[in-house]
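Enquirer: Here it is, the structure, as structure tokens.
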Amino acid sequence: MEIYDTAIVGAGFGGLAAGAKLSQQGYNVAVFEASNELGGSAGKYERQGYRFQSGATLGMGFEEGGVFDSLYDSLGIEKPPMTLLNPIMDIHLPDRTIHYYRERHEWYLEIDRHFPDVKEQVKAFYDEVFRVGAIVDKLVLELPIFPPRTMSDWLGMLPAVNIDSSRLIPYLTQTIQQRLKKFGLADHSLFVTFLNGELMDSVQTSVDRCPAFLGYAALQTFHKGAYAVHGGLATIAEQLAEFIKQQGGTVFMRHPIYGITEEEGSFRLKTKREKVYKSKQVILNNSAHNLHDTLSAKLAERSYIKKEKEESREAWGAFIIHAGVKEEVFSDTSSLYHQFIDPGNPEGLHDGGQFLLSLSSGEDSGMAPPGMRSLTLSTHTDLAKWWDKEHYDSRKQLMHDRLINIVDHYFKGFSDGLDIVLPGTPVTFQKWLRRNSGKVGGYAPTGRFSWLNSYSVRTGVKNIYQCGDTTFPGAGTLGVTLSGLMAAKLVSKQG
Ligand SMILES: Cc1cc2nc3c(=O)[nH]c(=O)nc-3n(C[C@H](O)[C@H](O)[C@H](O)COP(=O)(O)OP(=O)(O)OC[C@H]3O[C@@H](n4cnc5c(N)ncnc54)[C@H](O)[C@@H]3O)c2cc1C
């Protein structure tokens, strides 16, 4: 039986980035994907002439020197066509629409328009965001193995300890809310509402719970360049999988892996059809939520990731609607992305209190039939309520109506312009993307030191690594790609 060098469980962005890097270095890589599609939460599916994005829609890291730009450069592949977004998105609040511009000077003019009473403080805050975010970026691009678990991880972090990183200390120990206090902005309800919306979208949390350095890194990333990738972000997954195959690797679709065991110096990976594969090393890209199902009990007990603790950590679900929509409904706006924030929503920032509408670009004919666009609406949702069978259908209908009605309020004729409408809940995410209990987007930060609870790419089991949104630096296609590259770095250094 062939023994692979590295088996990768899950063809999400993390696993594919790791697989591409390792196969380029000559490793015999096999990727095992449970479903029929590549890209996981940033994948796609097709229905009735539309291409729908399974979760993620907003692409980042494609600017010069960005994570994907550098990855593509190092692999020698050409980036797919994409539309640069400016404004990044329009943010709709009950009394105004804020254009979230990419260019700093344009964004600062927009700040003057919407926050005239505190404009200097808001700009000073953003100056800090850009300054600190750039330092965080530089450190993370070094692919530190964080939190350090071995002497070599600690030693590997030494080069990062310099004057620049010491400037980070206040932001490693405070929340965004604490920083806002310094600028006299913590009680400014409009600015806090706006910022909560942006943080929820990028870091899955609000100003009071968000470690400052994490929030700053995410906020400044929007301004480096946000893109609608043609064909959706799944195009990136397809290109990375193709690269792996060209390098001699194998990508097995419809191959769910479970109960990995160790035997004579290699790992045995079983699929549902009881087929067995062998590999010297394994990278798990199917989230720490699934670790205890993917490894045999004997291997899992060697990991520091304990089932009970893992299950008790906070995570969000997602409620999503995919639909076709007539493009004329959006003829008055050039923005493809629209965020809706309802500060009066009794549920808070989730379950419709904050949500994103993404439209495919008119330049991207592969996403929808002529005259139509592929559309995604997505909001964070409280997971618990979706597992009560009795109320499932009524809750789904309620959420569907809530989101559609809000968009209808801002864009006349929206609901009449819809073609097919496909709502999805955490149950859908569990079924199609195997996200345990429907948890998506990693762990939501819960306070200033919550980042210290991150899981590193080490699982604690020798020669088994992990990557993806439950691994440092966390969720988003950028974060998971970085953890994929960190895992590849460890594999190629032999741990
Ligand atoms: C609604 C929503 C909107 C989002 N919006 C954005 C956005 O606009 N921009 C952005 O950058 N990020 C966004 N994100 C976050 C981003 O999509 C995720 O953080 C990222 O895609 C997760 O990647 P991953 O590598 O962790 O793997 P995942 O995407 O979780 O993929 C894991 C893969 O593993 C497979 N798998 C699971 N179990 C097994 C098994 N036992 N055997 C084999 N295969 C298995 C799954 O089928 C899946 O394909 C969004 C997420 C959601 C849910």
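Enquirer: Give the residue from Asn36, Gly49, Ile77 lying farthest towards the positive end of the charge dipole for the stretch 1-91; charges sit on Cβ (+1 for Lys and Arg, -1 for Asp and Glu) and the dipole is referred to the Cα centre.
Expert: Towards the positive end, the residue furthest out is Gly49.
Enquirer: Continuing with the same structure: Which value, in debye to the nearest 20, gives the size of the charge dipole of the chain about its Cα centre, when Lys and Arg are +1 and Asp and Glu are -1 at the Cβ?
Expert: On the way: 52 positive and 57 negative charges, 357 e Å.
Here the chain has a charge dipole of around 1720 debye.
Enquirer: Another question, if that's okay. Using a ≥ b ≥ c from the Cα gyration tensor of the stretch 39-101 (square roots of the eigenvalues), is it rounded, prolate or oblate, where a/c under 1.5 gives rounded and otherwise the larger of a/b and b/c decides, a/b for prolate? Mind dumping the intermediate values first?
Expert: Values: a/c = 2.71, a/b = 1.29, b/c = 2.10.
Judged from the Cα gyration tensor, the stretch 39-101 comes out oblate (a/c at least 1.5, b/c at or above a/b).
Enquirer: Would you mind putting 214-221, 380-387, 413-420, 225-232 in packing order, based on average other-beta-carbon counts within 10 Å, highest first? Write down the numbers at each step before the final one.
Expert: Details: 214-221: 24.4, 380-387: 18.4, 413-420: 16.1, 225-232: 22.8.
Per-residue Cβ counts within 10 Å, averaged per peptide and sorted highest first, yield 214-221, 225-232, 380-387, 413-420.
Enquirer: Another question, if that's okay. When the Cα centres of the stretch 370-401 and the stretch 135-162 are compared, how far apart do they sit, in Å?
Expert: Answer, in whole Å: 40.
Enquirer: Could you sort 426-434, 110-118, 403-411, 467-475 so that the peptide with the highest average Cβ count within 10 Å comes first and the rest follow in order? If you can, show how the numbers build up before the last one.
Expert: Details: 426-434: 19.8, 110-118: 14.7, 403-411: 17.3, 467-475: 27.3.
Packing proxy ranking, top to bottom: 467-475, 426-434, 403-411, 110-118.
Enquirer: May I pose another question? So what is the calculated 222 nm ellipticity per residue for the chain, using -39500 (n - 2.57) for each DSSP H run with n of 4 or more, over all residues, to the nearest 500 deg cm²/dmol? Kindly include the intermediate steps, with their values, before the conclusion.
Expert: Numbers: 17 runs with 178 residues, N = 495.
After summing the helix terms and dividing by residue count, I get -10500 deg cm²/dmol.
Enquirer: Using the Cα centre of the stretch 1-120 as the reference point, and only Cβ charges (+1 on K/R, -1 on D/E), how large is the resulting charge dipole? Debye, rounded to the nearest 20. Numbers along the way, then the final one.
Expert: Details: 10 positive and 18 negative charges, 61 e Å.
Dipole of the stretch 1-120, to the nearest 20 debye: 300 debye.
Enquirer: How would the stretch 25-64 be classified by its alpha-carbon gyration tensor: rounded, prolate or oblate, with rounded meaning a/c under 1.5 and the a/b versus b/c comparison settling the rest? Don't skip to the answer; put the middle values down first.
Expert: Numbers: a/c = 2.87, a/b = 1.26, b/c = 2.28.
Oblate, since a/c reaches 1.5 and b/c is not below a/b.
Enquirer: For the chain, what % of the accessible area comes from carbon and sulfur atoms, probe 1.4 Å? Write out the running numbers ahead of the final one.
Expert: Working: 10220 of 20040 Å².
Reported share for carbon and sulfur atoms: 51 percent.
Enquirer: Would you mind checking Lys275/Lys306; Lys385/Lys439; Lys272/Lys431; Lys21/Lys462 for any pair whose Cα atoms are more than 23 angstrom apart? List each step's numbers first, then the result.
Expert: Values: Lys275/Lys306 28 Å; Lys385/Lys439 13 Å; Lys272/Lys431 15 Å; Lys21/Lys462 20 Å.
In this structure, Lys275/Lys306 exceed 23 Å between Cα atoms.
Enquirer: Among 76-83, 144-151, 121-128, 55-62, what's the highest-first ranking by average C-beta atoms within 10 angstrom per residue? Write down the numbers at each step before the final one.
Expert: Values: 76-83: 14.9, 144-151: 16.5, 121-128: 18.0, 55-62: 23.4.
So the order, starting with the most tightly packed, is 55-62, 121-128, 144-151, 76-83.
Enquirer: Continuing with the same structure: Could you please put Ser165, Ser74 in sequence from largest to smallest accessible area, using a 1.4 Å probe? Write down the numbers at each step before the final one.
Expert: Working: Ser165 20, Ser74 50 Å².
Result of the area sort, largest leading: Ser74, Ser165.
Enquirer: For a quick check: with amide H placed at 1.01 Å from N, whose amide H comes under 5 Å from Gln339's, ignoring anything fewer than 5 positions away on the same chain?
Expert: Asp90, Ile91, His92, Leu357
Enquirer: About the Cα centre of the stretch 294-430, how large is the charge dipole given +1 on each Lys and Arg Cβ and -1 on each Asp and Glu Cβ? Please answer in debye to the nearest 20. Display every interim value, and only then the final one.
Expert: On the way: 14 positive and 21 negative charges, 131 e Å.
So the magnitude is around 620 debye.
Enquirer: Amide H to amide H, which residues 5 or more places from Ile283 or on other chains are under 5 Å from it, using H placed in the peptide plane?
Expert: Ala7, Ile8, Val9, Tyr465
Enquirer: While we're on this one: Could you tell me what percent of the DSSP beta bridges with both partners in the chain are antiparallel, to the nearest 5?
Expert: 70
Enquirer: Of Thr173, Tyr277, Gly249, which is farthest towards the positive pole of the chain's charge dipole, taken about the Cα centre with +1 and -1 on the beta-carbons of Lys, Arg and Asp, Glu respectively?
Expert: So the residue furthest toward the plus end is Tyr277.
The values are calculated or read from the model by the stated rules, or taken from the named source; none is laboratory data. Note that the structure is predicted; figures quoted are calculated from it, not measured. No Cβ is skipped: glycine too gets one built from the backbone with ideal geometry, and neighbour counts run over all protein chains shown. The accessibility values were calculated without ligands, DNA or RNA, using every heavy atom of the protein model including side chains. Shrake-Rupley method; radii C 1.70, N 1.55, O 1.52, S 1.80 Å.
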